[in-house]
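K.L.:
Here you go, one structure.
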Amino acid sequence: MEAEIENMIIAVLSGKGGTGKTLVSVNLASAAGASTYIDCDVEEPNGHLFFKPENVQEETVSVLIPVLDDERCDGCRKCVDFCRFNALAFIRNKPIVFEEICHSCGGCMLVCPTNALSEKEKVIGKVQVGQSDQVKVYTGILNIGEASGVPIIKRLLSENSLDERKLTVIDCPPGSSCIVMESIKDADYCVLVAEPTLFGVHNLNMVYELVSLFNKPFGVILNKCLQDENPAEMFCIEKNIPILGRIPYDTMLGTLNSNAKIAVREEDQYREMFSSLLKTVRKEVLRETVIDP
Amino acid sequence: MKQLLILSGKGGTGKTTIASAFIKLANARAYADCDVDAPNLHLVNAWSAEPEKADYYGLKKAVIDSDLCIECDQCRQNCRFDAISLTDKYEVNAYACEGCGVCEYVCPVGAVAMAPSVDGELMLHFDGKKVFSTAQLKMGSGTSGLLVTEVKKRMRSVEVEAELAIIDGSPGIGCPVIASLRGVDMVLIVAEPSISGINDMGRIVDTAAKFGIKIAVCINKYDSNIELTEKIERWCADHRLPFVGRIPFDPDAVRAVNAGKTIVDVDCISGNAVRDIYQKTIDLLFEEGAG
């Protein structure tokens, strides 16, 4: 049975930023040995800072943007009127394209009666893949000033990255918007990382609703646990959410993490902690597949 | 009215903790939470009265009338967002649909209509003297930039005598952050002394610089890694960015927030540090000749 779930896809998410998604993702992937790590937090990708992957190969990611042929345009302004995103403005009887607002829907080209619009590729970021010990590391990086990283996430998750027969950990962006949805779409199981604050609980509730909405099996890892009462833990108990484990607030772990060191590779105690967390996750996935095949 | 925006790039560095303290210290009469994806400011700046609520409509989304549909497949082929699928009939995935209207345009029989869709909720607190504008984006929605613009617009929609507006931003560098940057006078970046935090700080500084907005930097939980704190301070000096102070890690800060208070409501070391940072930030914001 164990072998059947070797290649599961786990998405790590949190709602609130800074709760420890990257800490958990990087260490789970490292504890697994041969695995794949995919950093979908394309606005602020940090996993590669920990893994320091080698033999990095890079590919740019582009979207299509309209270009106007002035000769052919007769100034009918159909394209400007069609664009729902206001990415085209009519100035001096000609349409002007605002590239950063364009959603690349291709509508303006379709409506143009004189074929004055064509498309060109515009680079919005890149995807990198490299190797760190036994972990294959994928990173998506959005260029500064670009609005949406969705095309980069789509590229990250469409590649051969997902079909290997080993564990895949997806490090998601914060929040609960379109980019997070895109990141968890293919996941078999979601790990929610929560911190013991009122903010943490409020945002945990949001991702809890998100994963419920998408019928994803999930469990919670409580991070930065202090001696005090833990509002996130109370929330989980109240909602009957499985608690996969607790990571204590601990100066050594904090220091390793702030220096972008992978705790599992540095100290045996953390290797044990994350190996046992991974085991729990695997058991939960198995349980979910049995209940809901 | 001068607008101060608080950003960080990396999440969880303490934007809301610091924004709420600033609001308290300034006795601010205008403030907003632009982290529409995960708004938290209302948790520590509670208003007793219910806010005025309004549905937020993003762009209209496509809906296919299967009685009219002749299954020509044109809509599916032309959709760039993979939002249309065929199982037993043609259907639009409202989460994937960006509302471009291409499917409506290409449908030869008029089976596609664009229908209004509620993408979030806007909330406005206003008591005649003070205004607080916030919102919650609907799960999985993709129009957070527009909603951020709306939150800021509503903050300015009522008359208040305010010289200063404080805006809590969202993590990242993408569309909600870009929307929150438009029109503000200064950005305070809350950095964190970690390799990740430094990397993200660089990216948010570059993003804000693209808009030509004045930037100041402070460090939260500075004592969690002194070496990296010093590195950030040197980096700021090298880039001629004003550095406005350090805040220590403080378990009392967590306790204050969990009790729904700001860190300047209780006597704690982080609260004391933030008072000094507040003063320096405000001096910079109202500096002569500033933009």
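The values are calculated or read from the model by the stated rules, or taken from the named source; none is laboratory data. Everything numeric in this text was worked out from a predicted model, so none of it was measured. Backbone-built Cβ (ideal geometry, glycine too); neighbour counts: all protein chains shown.
K.L.:
Out of region A:7-50, which residues are within 12 Å of another protein chain (Cβ to nearest Cβ), outside any loop (DSSP other than H, G, I, E, B) and over 12 Å from the mean Cα position of the chain (by Cα)?
P.N.:
Answer for region A:7-50, where residues must be within 12 Å of another protein chain (Cβ to nearest Cβ), outside any loop (DSSP other than H, G, I, E, B) and over 12 Å from the mean Cα position of the chain (by Cα): A:Leu23, A:Val26, A:His48, A:Leu49, A:Phe50.
K.L.:
Starting from region A:211-231, keep only residues that are without any contact (Cβ under 8 Å) to a residue 24 or more places away in the chain, then list their pairs with residues that are in a loop (DSSP other than H, G, I, E, B) and among the hydrophobic types (A, V, I, L, M, F, W, C) whose Cβ atoms are within a distance under 8 Å, requiring at least 6 positions of separation or different chains.
P.N.:
Correct list of pairs: A:Leu213/B:Met139.
K.L.:
Also, quick follow-up: For the condition at pLDDT below 95 and surrounded by 17 or more Cβ atoms within 10 Å (Cβ to Cβ), what is the one hit in B:Val274, B:Val254?
P.N.:
Working: B:Val274 fails: at pLDDT below 95.
None of the other options fit; the residue is B:Val254.
K.L.:
Also, quick follow-up: With the condition kept exactly as written, say whether any residue in region B:66-87 is within 30 Å of B:Ala191 (Cα to Cα), in a helix (DSSP H, G or I) and either in contact (Cβ under 8 Å) with a residue 40 or more places away in the chain or out of contact with any helix residue (DSSP H, G or I) (no Cβ under 7 Å at 6 or more places or on another chain) (or both). Steps first, answer last, please.
P.N.:
Initially, region B:66-87 is screened for residues within 30 Å of B:Ala191 (Cα to Cα), giving none.
Looking through region B:66-87, none of the residues is within 30 Å of B:Ala191 (Cα to Cα), in a helix (DSSP H, G or I) and either in contact (Cβ under 8 Å) with a residue 40 or more places away in the chain or out of contact with any helix residue (DSSP H, G or I) (no Cβ under 7 Å at 6 or more places or on another chain) (or both).
K.L.:
Given the criterion among the β-branched types (Val, Ile, Thr) and more than 23 Å from A:Val207 (Cβ to Cβ), identify the matching residue among B:Val36, B:Val118, B:Val44, B:Val102.
P.N.:
Values: B:Val36 fails: more than 23 Å from A:Val207 (Cβ to Cβ); B:Val118 fails: more than 23 Å from A:Val207 (Cβ to Cβ); B:Val44 fails: more than 23 Å from A:Val207 (Cβ to Cβ).
None of the other options fit; the residue is B:Val102.
Listed here are the residues, each with its yes/no results for (1) under 25 Å from A:His202 (Cα atoms); (2) outside any loop (DSSP other than H, G, I, E, B).
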position	(1), (2)
B:Arg255	yes, yes
B:Lys261	yes, no
B:Ala273	no, yes
B:Lys280	no, yes
B:Asp283	no, yes
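K.L.:
Looking only at residues in region A:113-141 that are surrounded by fewer than 22 Cβ atoms within 10 Å (Cβ to Cβ) and in a loop (DSSP other than H, G, I, E, B), which one is nearest to the other protein chains (Cβ to nearest Cβ)?
P.N.:
The residue in question is A:Pro113.
K.L.:
Here's a follow-up. Does any residue of region B:243-253 turn out to be over 30 Å from A:Phe214 (Cβ atoms), free of Cβ contacts under 8 Å to residues at least 24 places away in the same chain and at the interface with chain A (Cβ under 9 Å from one of its Cβ atoms)?
P.N.:
Yes: one or more hits.
K.L.:
Only residues that are among the small types (Gly, Ala, Ser), at pLDDT 95 or above and part of a helix (DSSP H, G or I): list them for region B:213-251, please. Write out each step before concluding.
P.N.:
Going residue by residue through region B:213-251, those that are among the small types (Gly, Ala, Ser) are B:216, B:224, B:237, B:245.
If we keep only those that are at pLDDT 95 or above too, we end up with B:216, B:237, B:245.
Listed by number, the list holds a single entry, B:Ala237.
This table checks each residue for (1) among the aromatic types (Phe, Trp, Tyr); (2) under 21 Å from B:Leu181 (Cα atoms); (3) within 14 Å of chain A (Cβ to nearest Cβ); (4) not in a helix (DSSP H, G or I).
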site	(1), (2), (3), (4)
B:Leu124	no, yes, no, yes
B:Lys129	no, no, no, yes
B:Phe132	yes, yes, no, yes
B:Ala135	no, yes, yes, yes
B:Met139	no, no, yes, yes
B:Gly142	no, yes, yes, yes
B:Leu146	no, yes, yes, no
B:Glu150	no, yes, no, no
B:Ala162	no, yes, no, yes
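K.L.:
Is it true that some residue in region A:157-165 is part of a helix (DSSP H, G or I) and within 14 Å of chain B (Cβ to nearest Cβ)?
P.N.:
yes
K.L.:
Can I ask one more? From (1) surrounded by 22 or more Cβ atoms within 10 Å (Cβ to Cβ); (2) in a helix (DSSP H, G or I); (3) not charged (D, E, K, R), pick out the condition that doesn't hold for A:Leu110.
P.N.:
A:Leu110 satisfies all of (1) surrounded by 22 or more Cβ atoms within 10 Å (Cβ to Cβ); (2) in a helix (DSSP H, G or I); (3) not charged (D, E, K, R) except (1).
K.L.:
To continue, here is another question. Give region B:72-90 a look and list any residue that's modelled with pLDDT under 95 and more than 14 Å from chain A (Cβ to nearest Cβ), or say none.
P.N.:
Those that are modelled with pLDDT under 95 and more than 14 Å from chain A (Cβ to nearest Cβ): B:Leu86, B:Thr87, B:Asp88, B:Lys89.
K.L.:
How about region B:1-18: which of its residues are under 19 Å from B:Gly183 (Cα atoms) and more than 9 Å from chain A (Cβ to nearest Cβ)?
P.N.:
B:Met1, B:Lys2, B:Gln3, B:Leu4, B:Leu5, B:Ile6, B:Leu7
K.L.:
Hey, among B:Ala135, B:Ala54, which residue is among the aliphatic types (A, V, I, L, M), in contact with a helix residue (DSSP H, G or I) (Cβ under 9 Å, 6 or more places away or on another chain) and buried (at least 16 other Cβ atoms within 10 Å of the Cβ)? Give the derivation first.
P.N.:
Numbers: B:Ala54 fails: buried (at least 16 other Cβ atoms within 10 Å of the Cβ).
Result: B:Ala135 is the single residue among B:Ala135, B:Ala54 that is among the aliphatic types (A, V, I, L, M), in contact with a helix residue (DSSP H, G or I) (Cβ under 9 Å, 6 or more places away or on another chain) and buried (at least 16 other Cβ atoms within 10 Å of the Cβ).
K.L.:
Within region B:257-276, identify whether any single residue is more than 12 Å from chain A (Cβ to nearest Cβ) and touching a strand residue (DSSP E or B) at 6+ places or on another chain (Cβ under 7 Å), and answer yes or no.
P.N.:
Yes: region B:257-276 contains one or more residues that are more than 12 Å from chain A (Cβ to nearest Cβ) and touching a strand residue (DSSP E or B) at 6+ places or on another chain (Cβ under 7 Å).
K.L.:
Given (1) surrounded by 15 or more Cβ atoms within 10 Å (Cβ to Cβ); (2) in contact with a strand residue (DSSP E or B) (Cβ under 9 Å, 6 or more places away or on another chain), identify the lone condition not met by B:Glu287.
P.N.:
Only one criterion is unmet by B:Glu287, namely (1).
K.L.:
Now a separate question. In this structure, does B:Leu188 turn out to be under 30 Å from B:Leu228 (Cα atoms) and crowded, with 22+ Cβ neighbours inside 10 Å? Talk me through it step by step, then tell me what you get.
P.N.:
Values: under 30 Å from B:Leu228 (Cα atoms): yes; crowded, with 22+ Cβ neighbours inside 10 Å: yes.
Spelling it out, B:Leu188 is indeed under 30 Å from B:Leu228 (Cα atoms) and crowded, with 22+ Cβ neighbours inside 10 Å.
K.L.:
Another one. From the list A:Thr60, A:Thr36, A:Thr19, which one is in contact with a strand residue (DSSP E or B) (Cβ under 8 Å, 6 or more places away or on another chain), in contact (Cβ under 8 Å) with a residue 24 or more places away in the chain and closer than 23 Å to A:Lys166 by Cβ? Don't jump to the end; show me each part of the working.
P.N.:
Details: A:Thr60 fails: closer than 23 Å to A:Lys166 by Cβ; A:Thr19 fails: closer than 23 Å to A:Lys166 by Cβ.
Within the list A:Thr60, A:Thr36, A:Thr19, the selection yields A:Thr36.
K.L.:
Here's something else I'd like to know. What number of residues within region B:164-183 satisfy the criterion of being away from chain A (no Cβ under 14 Å) and more than 9 Å from the chain's Cα centre (by Cα)? Show your work before the answer.
P.N.:
From region B:164-183, those away from chain A (no Cβ under 14 Å) are B:164-167, B:183; that's our starting set.
Cutting the leftovers down to more than 9 Å from the chain's Cα centre (by Cα) gives us B:164-166, B:183.
Qualifying residue count for the region: 4.
K.L.:
Quick one: which strands (runs of 3 or more DSSP E) lie wholly within region A:181-293 and hold at least 2 residues that are surrounded by 19 or more Cβ atoms within 10 Å (Cβ to Cβ), within 14 Å of another protein chain (Cβ to nearest Cβ) and among the aliphatic types (A, V, I, L, M)? Working first, answer last.
P.N.:
Details: elements: A:189-194, A:218-225, A:243-248.
Output list reads A:189-194.
K.L.:
While we're looking at this one, here's another question. Suppose we keep only residues that are more than 8 Å from chain A (Cβ to nearest Cβ) and in a loop (DSSP other than H, G, I, E, B) within region B:191-212. Which one would you say is surrounded by the most Cβ atoms within 10 Å (Cβ to Cβ)?
P.N.:
The extreme case among them is B:Phe211.
K.L.:
Among the residues of region A:93-107, is there at least one that is in a helix (DSSP H, G or I), crowded, with 16+ Cβ neighbours inside 10 Å, more than 31 Å from the chain's Cα centre (by Cα) and within 14 Å of another protein chain (Cβ to nearest Cβ)? Don't jump to the end; show me each part of the working.
P.N.:
Of all residues in region A:93-107, those in a helix (DSSP H, G or I) come to A:107.
Of the ones still in play, those that are also crowded, with 16+ Cβ neighbours inside 10 Å are A:107.
With the extra rule that they be more than 31 Å from the chain's Cα centre (by Cα), the set shrinks to none.
Within region A:93-107, none of the residues are in a helix (DSSP H, G or I), crowded, with 16+ Cβ neighbours inside 10 Å, more than 31 Å from the chain's Cα centre (by Cα) and within 14 Å of another protein chain (Cβ to nearest Cβ).
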